[in-house]
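A short worksheet on the structure shown next.
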Amino acid sequence: MLIGPSRDELEVLKAPLTLQPDFHQFWQETLAQYLPTQPIIAMEPHPTPLTLVEVSDMTIAGFNGDPIKGWFLQPKEINESTPCIVLYDGYGGGRGLPHEWLFWVTVGYRVLVMDTRGQGGGFRLSDTPDGTYPRGPQTPGFMTAGIQDKKDYFYRRVFIDAVSFISAAKELPGVDAERIVVAGGSQGGGIALAATSLSKDVFAAMPDVPFLCNYKRATEVVDTYPYHEITLYARVHRNEIESIFTTLSYFDCMNLVTMAKSPAIISIGMHDPVCPPETIFAMRNHYAGKVDTQIYEFNTHEGGSVEHQLVQAAWLKNLIEKSGAK
């Protein structure tokens, strides 16, 4: 079933931004205070049956210096520098196991995978706790964790972790520091958008069916999880609706991408009941940089699935060639 308005309507949709007066100041201060200047804590060889890929177990300093786990994968037979694809995972997932991330390595790039703090109980392993940050009442899940105060909200920490992984990627052996690419699907796509918006070091972004866009409209359009966590919380905290969405506005990619200048390719599933196309178009139409959009007319939250990786690979190769890379 088509979710929301027609594509013709969505192409020109200009949803109103929900930027608060101190939005830019909030993120400038957050980056200045909580983004580590020396991101790499440890890099250790990781035993693996993979014979063509070298795997390193990474520990990177994220928000407030918290140790965030990750994987660094590189092809053994490539000695020259390559772009690095920084990958963020979907809702409930973490860094998983190294062999789950081989596509971009086999294309010939180096890959850095970020573990998502506090997650890993949904579909892929995680090894990073979320620390002991203050939290009030919340709906089970992560969407309302710390929602009472923008300074305590869960995704404030995650987004700074994501920027720190970009900084770390620039320092890794064999990485072309001028060509750091961010990518991910669903939550990972939203994190990639936020990281692109908050970092000056992103060469290109490839978010798939991104989550974390136009939160308020999402809760009005669908009753699927994870957005439904916000709805459930609002039902109980019915006198706090304005403050709930004020907090969320600081972490809404629709607002954040007004700062995103890197070229991007964004995928959208027009039948997606999890990240409805209306919310993604609302974000895309405010994106400050050049955007290419890949529409999957009859797909849901899988978007283009593995076929879309081929689209991304061709798009990225063309972008690199145009930029003058060998």
If a residue must be surrounded by fewer than 24 Cβ atoms within 10 Å (Cβ to Cβ) and either part of a helix (DSSP H, G or I) or aromatic (Phe, Trp, Tyr) (or both), how many such residues does the stretch 256-277 contain? 2
Residue count for the stretch 133-170, restricted to those that are assigned to a loop (DSSP other than H, G, I, E, B) and either at pLDDT 95 or above or under 29 Å from Val181 (Cα atoms) (or both): 14
Residue list for the stretch 32-58, filter: more than 30 Å from Ile78 (Cα to Cα), aliphatic (A, V, I, L, M) and loosely packed, with under 15 Cβ neighbours inside 10 Å: Ala32
Among Lys14, Lys69, which is the only one that is modelled with pLDDT under 95 and basic (Lys, Arg)? Lys14
Only residues in the stretch 304-318 that are farther than 18 Å from His271 by Cβ count as the first member; pair them with residues that are among the charged types (D, E, K, R) and not in a loop (DSSP other than H, G, I, E, B), Cβ under 9 angstrom, at least 6 apart or cross-chain, and list the lot. Gln312/Asp208; Trp315/Asp292
Answer yes or no: is there a residue in the stretch 224-245 that is in a helix (DSSP H, G or I), among the aromatic types (Phe, Trp, Tyr) and under 19 Å from the mean Cα position of the chain (by Cα). yes
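Find the residue count for the stretch 120-129, including only residues that are in contact with a Phe, Trp or Tyr (Cβ under 7 Å, 6 or more places away or on another chain) and either modelled with pLDDT of 95 or more or surrounded by fewer than 15 Cβ atoms within 10 Å (Cβ to Cβ) (or both).
As a first pass, look at the stretch 120-129 and keep what is in contact with a Phe, Trp or Tyr (Cβ under 7 Å, 6 or more places away or on another chain): 122.
Next cut, either modelled with pLDDT of 95 or more or surrounded by fewer than 15 Cβ atoms within 10 Å (Cβ to Cβ) (or both) only: none.
Total satisfying the criteria: 0.
The values are calculated or read from the model by the stated rules, or taken from the named source; none is laboratory data. What you see is a predicted model; the values in this text were computed from it and never measured. We place every Cβ from the backbone using ideal geometry, glycine too, and count neighbours over all the protein chains shown.
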